[in-house]
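Student: Can you keep this structure in mind? I'll have questions shortly.
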Amino acid sequence: MDDSSSSDLIGEFTCVTAKLLEARDQVVEFECIHPEKKRKKKSYKNSGIVRVKSCKIETEYSFLDYIMGGCQINFTVGIDFTGSNGDPKSPDSLHYISPNGINEYLTAIWTVGNVVQDYDTDKLFPAFGFGAQVPPDWKVSHEFALNFNPTNPYCQGIQGIVDAYRQALPQIRLYGPTNFSPIINHVARFAAHSTQQNNASQYFVLLIITDGEITDLDQTRQAIVNASKLPMSIIIIGVGSAEFKAMEFLDGDDGVLKSLAGEPAARDIVQFVPFRKFQNAPREALSQTVLAEVPKQLVSYFKMVGLVPVKLPSEKPT
């Protein structure tokens, strides 16, 4: 580039990769040749010297490399039981279970869970509710175990989550407010603990299903920014007909999400999908869209912290 701001060719050189890799131990130099000047001027030697101080080959590992290499996907579900969903006994409620046994919450659990569960060997999934008054003292909880067993909130398979949801529904009172940060921080604690292993063996996916009326937006922003430094992704499925402006903001597709204090997320970990867009589409369309970003989010995390697959693709099991 010169002062005219238009691009001019200074020169070029060609070499084999092996020659470039010599720069691992020493500086390697190449003459920069301008073809036109070389052709016209007999005295032309070069247009400068290109000095390569360092060169290395880095392997780009894929999502499947990490999964086949032994990475476990830990799937957790968080279900919105706030009053804005409507009385579960009323057909207008988003929690109303129709005569054929389904509602939008159940469909979302089945659709996403059936794909994710294939990446989890023990098929034990923690499932939580938030925004409801729960027995026996009827205090509002923002991370209660769906099976009412706080020491063991795990459900056996996706069917186990569905069964726990159906059993919990008549035993709780829908209330509020709609706080996301407690359940995000809950899963983030497990993700943070897994990093002590210092290998690519664990990744966490939190599915939040909500009607979208979030009340702790600032705390949720901070929770997401904190979680962006951990092996974790968050999928938010919006049910019902709300605008979901806050969910789209948290998704961060229009720019990097920042905390209230201005700290940017280390990487994009949130995927928001409005359920209504897929009501008349095949289930595969919803699961494809919902899980579209998880593979690259997983790879981006392990690349960020410099972790390769536990078992490299070239390694054969003994």
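Student: Please name which of Leu298, Phe275, Pro309 has its Cα lying farthest along the dipole of segment 215-318 towards the positive end, using unit charges on Cβ (Lys, Arg +1; Asp, Glu -1) and the Cα centre as origin.
Tutor: About the Cα centre, the residue reaching furthest to the positive side is Pro309.
Student: Rounded to the nearest 10 degrees, what's the angle between the helix 217-227 long axis and the longest principal axis of the chain, both from Cα atoms, 0 to 90?
Tutor: The answer is roughly 50 degrees.
Student: Could you grab the Rg to Rh ratio for segment 79-131? Cα atoms only, Kirkwood for Rh.
Tutor: 1.05
Student: Something else about it: How about segment 216-295: which GluC sites (Glu not before Pro) there lie in a loop by DSSP and see at most 13 other Cβ atoms within 10 Å?
Tutor: Glu243
Student: For segment 1-105, run through the trypsin sites (Lys or Arg not before Pro) and keep only the ones in DSSP coil with at most 15 other Cβ atoms within 10 Å of their Cβ.
Tutor: When the trypsin sites (Lys or Arg not before Pro) of segment 1-105 are filtered for loop state and at most 15 Cβ neighbours within 10 Å, Lys41, Lys42, Lys45, Lys53, Lys56, Lys89 remain.
Student: Follow-up. Could you tell me the accessible area of His193 in Å² (1.4 Å probe, neighbours in place), rounded to the nearest ten?
Tutor: Result for His193: roughly 120 Å² accessible.
Student: Roll a 1.4 angstrom probe over the protein heavy atoms and tell me the percent of accessible area of the chain that is carbon or sulfur.
Tutor: Result for the chain: 52 percent of the exposed heavy-atom area is carbon or sulfur.
Student: Gln196 to Arg51: extension gain in nm, 0.36 nm per residue of separation minus the Cα-Cα distance? Working shown, then result.
Tutor: Working: separation 145, 0.36 × 145 = 52.20 nm, distance 4.06 nm.
That works out to 48.1 nm of additional length.
Student: Mind jotting down the distance between the C-alpha centroids of segment 260-318 and segment 132-181, whole Å?
Tutor: First find each Cα centre; the distance between them is then 26 Å.
Student: Restricting to DSSP H runs of at least four residues, report the calculated mean residue ellipticity at 222 nm for the chain, -39500 (n - 2.57) per run over all residues, nearest 500 deg cm²/dmol.
Tutor: -8500 deg cm²/dmol
Student: How long are the three semi-axes of the equivalent ellipsoid for segment 141-187, computed from the Cα gyration tensor as the root of 5 times each eigenvalue, in whole Å, largest first?
Tutor: For segment 141-187, the ellipsoid semi-axes come out as 18, 15, 9 Å.
Student: Considering only protein heavy atoms, with the full assembly of protein chains and a 1.4 angstrom probe, order Asp87, Asp25 by accessible area, largest first.
Tutor: Working: Asp87 85, Asp25 145 Å².
Most to least solvent-accessible, the answer reads Asp25, Asp87.
Student: Can you give the relative contact order of the chain as a percent, counting alpha carbon pairs under 8 Å and 6+ residues apart?
Tutor: 17
Student: Convert each backbone phi in segment 201-213 into a coupling constant with the Karplus relation 6.51 cos²θ - 1.76 cosθ + 1.60 (shift: θ = phi - 60°), then list the ³J(HN,Hα) values in order as whole Hz, x for Gly and Pro.
Tutor: For segment 201-213, the Karplus-derived couplings read 9, 9, 9, 10, 10, 9, 9, 10, 10, 8, 8, x, 8 Hz, x marking Gly and Pro.
Student: Here's something else I'd like to know. Would you mind calculating the gained length between Glu284 and Arg166 on full extension (0.36 nm times residue separation, minus the Cα-Cα distance), in nm to one decimal? Kindly include the intermediate steps, with their values, before the conclusion.
Tutor: On the way: separation 118, 0.36 × 118 = 42.48 nm, distance 2.39 nm.
Difference between extended and current length: 40.1 nm.
Student: Is segment 226-318 rounded, prolate or oblate when judged by the Cα gyration tensor, a ≥ b ≥ c being the square roots of its eigenvalues, rounded requiring a/c under 1.5 and prolate requiring a/b larger than b/c?
Tutor: Oblate, because a/c is 1.5 or more while a/b does not exceed b/c.
Student: May I ask you to derive the relative contact order of segment 100-250, considering only C-alpha pairs under 8 Å and at least 6 residues apart, and to give it as an integer percent?
Tutor: 21
Student: In sequence order, what are the phi-derived ³J(HN,Hα) couplings for segment 114-128 according to the Karplus relation 6.51 cos²θ - 1.76 cosθ + 1.60 with θ = phi - 60°, rounded to whole Hz, with x for glycine and proline?
Tutor: Here the 3J(HN,Hα) series is 5, 7, 5, 4, 5, 9, 10, 6, 7, 6, 10, 10, x, 10, 10 Hz.
Student: Given the options Tyr105, Phe180, Thr76, identify the residue whose Cα lies farthest towards the positive end of the charge dipole of the chain (+1 on Cβ of Lys, Arg; -1 on Cβ of Asp, Glu).
Tutor: Thr76
Student: Only four residue types carry charge here, +1 at the Cβ of Lys and Arg and -1 at the Cβ of Asp and Glu. Report the dipole size of segment 56-157 about the Cα centre in Debye, rounded to the nearest 20.
Tutor: The dipole of segment 56-157 has a size of about 240 debye.
Student: Give, rounded to the nearest 20 debye, the magnitude of the charge dipole that the chain has about its Cα centre when Lys and Arg contribute +1 at Cβ and Asp and Glu contribute -1 at Cβ.
Tutor: That gives a dipole near 1240 debye.
Student: Test of understanding: what is the full-extension gain from Lys311 to Thr59, defined as 0.36 nm times their sequence separation minus their Cα-Cα distance? Can you show the working numbers first?
Tutor: Values: separation 252, 0.36 × 252 = 90.72 nm, distance 1.40 nm.
Full extension of this stretch gives 89.3 nm more.
Student: With +1 on each Lys and Arg Cβ and -1 on each Asp and Glu Cβ, how big is the dipole of segment 16-74 about its Cα centre, in debye rounded to the nearest 20?
Tutor: 880
Student: Based on Cα positions only, what radius of gyration and what Dmax would you give for segment 1-139, in angstroms?
Tutor: 32.1, 95
Student: Let me ask something else. So what are the three principal axis dimensions of the chain from its Cα atoms, in whole Å, longest to shortest?
Tutor: 92, 56, 39
Student: If you take the charge dipole of segment 150-256 about its Cα centre, with +1 on Lys and Arg Cβ and -1 on Asp and Glu Cβ, which of Ile214, Gly157, Ser228 is farthest toward its positive end?
Tutor: Value: Gly157.
Student: If you don't mind, another one. Taking the solvent-accessible surface of protein heavy atoms with a 1.4 Å probe, what is the per residue accessible area of segment 85-221 in Å²? Please report the intermediate quantities before stating the final value.
Tutor: Numbers: 6100 Å² over 137 residues.
Dividing the accessible area of segment 85-221 by its residue count gives 45 Å².
Student: Round to the nearest 10 and give me the degree value, 0 to 90, for the angle of helix 157-168's Cα axis relative to the longest principal axis of the chain.
Tutor: Relative to the chain, helix 157-168 is tipped by roughly 40 degrees.
The values are calculated or read from the model by the stated rules, or taken from the named source; none is laboratory data. Because the structure is a prediction, the values reported are computed rather than measured. Because the Cβ atoms are built from the backbone with ideal geometry, glycine has one as well, and the counts that use them run over all protein chains shown. Ligands, DNA and RNA are excluded from the accessible area calculation, which covers all protein heavy atoms including side chains. Shrake-Rupley method; radii C 1.70, N 1.55, O 1.52, S 1.80 Å.
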